[in-house]
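Trainee: One structure coming up, written as structure tokens, with questions to follow.
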Amino acid sequence: MSVQPVQVLEADVLVVGGGAAACMAAISADAEGASVLVVDKGQLGKSGCSPNAHGGMAMHHKLPGDSWRVHMEDTLMGGGFMNDQELVRIMCQEAPRFIRRLEEFGSLFDRDPDGTYSVRKFGGHRYARSVFSGDETGHEMMIGLRREVLRRGIHVLDEVMATRLLTRDGTVVGAFGWGVGDGGFYEARAPSVVLATADAAGIWPSASERQRGDGFVMALEAGAELLDLEFIQYHPTHAWWPFGVRGSVSESFRSEGGHLLNAAGERFMAWYDPEKMELATRDRVSVAIMEEIRAGRGAPHGGIFASVAHLPAEQVEQRLRVIFRKYLSYGYDIRKEPIEVRPRPHYHCGGVRITAQGAATVPGLFAAGAVAAGVHGANRLGTNALVDILVFGEITGRSAARRAAQAGPSPGNPMQAAEEAQRIDELANRPFDGGVPVPPLRRRHIELMDQHMGVIRTGTGMRAMLKEVERAKGEDLPRLAIRDKARRYNYELRDGLEVHFRLAVEEMAARAALLRTESRGCHYREDLPRRNDGGWLKNIGFVMRDGRLEMFTRDLKTDVIPLEALPEYAHSDSPWH
């Protein structure tokens with residue numbers, strides 16, 4: 001591969017990503033009159049996590065006693081009070097209007113015989129408030145969002161991987177991209193850039209391995225602050241056996257009345273959370289499952305049993321239709337027999353620090369969806385993600401468009417773009433013999449992050465992980481080599497470019513987890529198993545200063561709902577709600 005000329009593209013608002021947050025931001029910016037360019041590593045509406053979301057969208061709207069404040073209280077307790085309360089308030093207040101918005105775009109959702117929206121109760125929610133479309137809500141949502149993006153004629157550039165944010169005088173002025181499909185180089189200039197690149201769960205052995213932390217690291221290197229990177233949520237029920245079945249088994253499985261069973265057929269959640277049982281928060285259910293497996297009470301292939309065989313067959317077929325069809329294709333009838341599941345990484349709760357307008361801490365940069373921190377704190381409640389990405393996608397797109405109108409055209413940064421093109425070209429053409437191949441390095445680090453930074457952690461394990469990251473940064477990263485020299489669809493080169501993002505996220509996550517000397521939400525330390533509100537009601541963050549990574553702590557604001565307003569939670573030192 002030889003250095004290609006850099007193609008320059010210009011817009012008022014550049015949106016990096018292709019899921020629901022990206023689509024909502026693009027639609028919102030377009031509605032403000034801005035010219036919008038969407039750059040997506042995959043294909044709009046098909047890549048990323050949004051199309052694979054199963055469960056639903058949490059919004060108070062139906063049951064007596066429920067309200068935005070109750071929804072907010074549930075979110076704060078589920079998130080270990082690490083949440084940015086202003087962001088949570090906005091999400092909970094704004095969520096209900098988006099169901100109609102999506103229907104206007106063409107999405108369809110389940111309704112009860114009386115015509116009202118069907119709702120489910122998910123773990124950590126005190127009320128059934130989650131609107132859904134069977135167990136394929138994300139797919140249905142993306143049908144409407146993608147249709148609206150195309151209807152508006154918004155410029156979409158598929159299969160272009162953003163690798164660097166371009167800056168000038170401390171302000172973000174665009175992004176550089178490598179064309180996965182055509183091998184070309186792109187400098188996208190815009191006075192406002194919206195990151196909607198999902199999170200970094202793919203650093204672990206995630207069901208959706210495209211979450212590689214690209215947005216986290218690009219934002220960090222452009223001058224933005226990151227928060228809460230120690231909190232990685234494991235989905236308790238990832239498909240584990242038969243081997244060919246992969247992906248999360250939606251929380252809808254438990255919401256519809258599914259049971260979790262150990263090898264003896266016991267509903268073991270009665271020992272860990274007898275009140276909420278299978279609908280405890282995901283962090284708690286994941287620890288309970290791992291404790292059962294470690295105690296030798298797991299299923300034959302290393303997971304735990306999940307069963308809906310006691311439910312009416314019609315309910316399973318209609319309300320869990322994706323899971324039912326998926327397993328039936330492998331010869332398993334979930335109407336009659338249990339399946340085997342195990343916790344697997346699902347969602348990184350931290351990310352780019354944003355304001356209530358979606359702005360990052362560096363001018364010109366905005367973030368929405370899973371790439372942003374603050375809404376979910378130390379643990380995300382099921383069905384809060386889809387409303388988060390809709391609410392803040394809209395807010396961020398609007399804010400970005402209004403800033404662009406004031407700032408005027410972006411000058412970009414041709415020098416930085418040329419440097420990035422040269423860096424990619426050098427990696428692509430580096431001799432393979434004697435170098436470090438990408439696949440085994442990637443596989444080793446995925447397994448080590450699962451082992452040392454997974455559901456159950458110890459100081460010893462996290463220090464071992466940090467030592468390996470430091471070794472890999474010094475020894476392996478400079479010697480990475482790509483065997484495939486193809487110009488187009490070179491996925492080995494793509495994975496090689498992601499190693500830099502991977503190691504940066506691994507380092508920050510391990511350092512923050514070691515610093516947090518307590519257990520809270522998704523961060524469960526076996527050597528420090530209690531919550532410490534007196535010492536750790538604060539965020540841990542990172543920022544780059546003069547090319548050096550700095551870690552800091554930041555006291556939390558609890559001005560909307562103080563901790564003492566929820567005495568049952570405040571008077572406990574349990575890591576979980």
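Values quoted throughout were computed directly from the atomic coordinates according to the rules given, and no laboratory measurement underlies them. Given the structure is predicted, the values throughout are model-derived calculations rather than measurements. In this analysis, Cβ positions are derived from the backbone assuming ideal geometry, glycine residues included, and neighbour counts consider all displayed protein chains.
Trainee: Past the 47 angstrom mark, what percentage of all C-alpha to C-alpha distances in the chain do you count?
Mentor: The proportion of pairs with Cα distances above 47 Å equals 8 percent.
Trainee: If you don't mind, there's one more thing I want to ask. How big is the antiparallel share of DSSP beta bridges in the chain, given as a percent to the nearest 5?
Mentor: Roughly 65 percent of the DSSP beta bridges within the chain come out antiparallel.
Trainee: When the Debye formula is applied to the Cα atoms of region 55-131, each taken as the same point scatterer, what base-10 log of I(q)/I(0) results at q = 0.11 Å⁻¹?
Mentor: Each listed q corresponds, in turn, to -0.29.
Trainee: Work out how much length Y330 to Q357 would gain on full extension: take 0.36 nm times their residue separation and subtract the Cα-Cα distance, in nm to one decimal.
Mentor: 5.1 nm
Trainee: Tell me, what is the FRET efficiency for S574 and R97 to the nearest 0.05, using R0 = 51 angstrom and their Cβ-Cβ distance as r?
Mentor: 0.90
Trainee: Another question about this same structure. Residue farthest toward the positive end of the dipole of region 416-534, with Cβ of Lys/Arg at +1 and Asp/Glu at -1: which of G434, I424, Q451?
Mentor: Q451
Trainee: Another one. Between D559 and H301, how many nm apart are label points set 7 Å from Cα along the C-beta direction?
Mentor: The answer from the label model is 5.2 nm.
Trainee: Right, another one. Determine the distance separating the Cα centre of region 68-123 from the Cα centre of region 502-517; give it in Å without decimals.
Mentor: About 31 Å separates the Cα centre of region 68-123 from the one of region 502-517.
Trainee: Related question: Given G247, G258, A299, which one lies farthest toward the positive end of the charge dipole of region 232-346, if we put +1 on the Cβ of every Lys and Arg and -1 on the Cβ of every Asp and Glu?
Mentor: G247
Trainee: Quick one: what are the phi-derived ³J(HN,Hα) couplings along region 414-430, Karplus 6.51/-1.76/1.60 with θ = phi - 60°, whole Hz, x for glycine and proline?
Mentor: x, 5, 5, 4, 5, 4, 5, 4, 5, 4, 5, 4, 5, 5, 5, 9, 4
Trainee: Charges only on Cβ, +1 for Lys and Arg, -1 for Asp and Glu: so what's the dipole of region 232-346 about the Cα centre, in debye to the nearest 20?
Mentor: 320 debye
Trainee: On a straight-distance basis, which aspartates and glutamates could pair with K473 in a cross-link, Cα separation under 12 angstrom, same-chain partners fewer than 8 positions away excluded?
Mentor: E506, E507
Trainee: Sorted by mean Cβ packing within 10 Å, highest first, what order do the peptides 220-226, 392-398, 488-494 take?
Mentor: Most protected by this proxy first, the peptides run 392-398, 220-226, 488-494.
Trainee: Ok, one more. Using +1 at the C-beta of Lys and Arg and -1 at the C-beta of Asp and Glu, which of I90, L503, T116 has the Cα lying farthest in the positive direction of the dipole of the chain?
Mentor: Sorting the options by dipole projection puts first L503.
Trainee: Any chance you could give the angle, 0 to 90 degrees and rounded to 10, that helix 282-294 forms with the longest Cα principal axis of the chain?
Mentor: Helix 282-294 sits roughly 70 degrees off the main axis of the chain.
Trainee: Whole percent per 10 Å bin, from 0 to the bin with the longest distance: what is P(r) over all C-alpha pairs of region 442-512?
Mentor: P(r) over region 442-512, rounded to whole percents: 19, 47, 24, 9, 1.
Trainee: To the nearest 20 debye, what is the magnitude of the charge dipole of the chain about its Cα centre, counting +1 on the Cβ of each Lys and Arg and -1 on the Cβ of each Asp and Glu?
Mentor: 420 debye
Trainee: For R246 and R487 in one chain, what is 0.36 nm times their gap in residues minus the Cα-Cα distance, to one decimal in nm?
Mentor: 83.7 nm
Trainee: Could you tell me what percent of the DSSP beta bridges with both partners in region 232-346 are antiparallel, to the nearest 5?
Mentor: 100 percent
Trainee: Okay, next question. On full extension of the chain, what length is gained from Q318 through R423, given 0.36 nm per residue of separation minus the C-alpha to C-alpha distance?
Mentor: So the chain would gain 32.7 nm between Q318 and R423.
Trainee: If you don't mind, there's one more thing I want to ask. Over 26 Å between C-alpha atoms is what I'm after, so list which of K46/K336; K276/K538; K121/K326; K62/K538 land there.
Mentor: From K46/K336; K276/K538; K121/K326; K62/K538, over 26 Å: K46/K336; K276/K538; K62/K538.
Trainee: OK, next. Label R168 and Q43 with points 7 Å out from Cα along Cα→Cβ: what is the distance between them in nm?
Mentor: 3.6 nm
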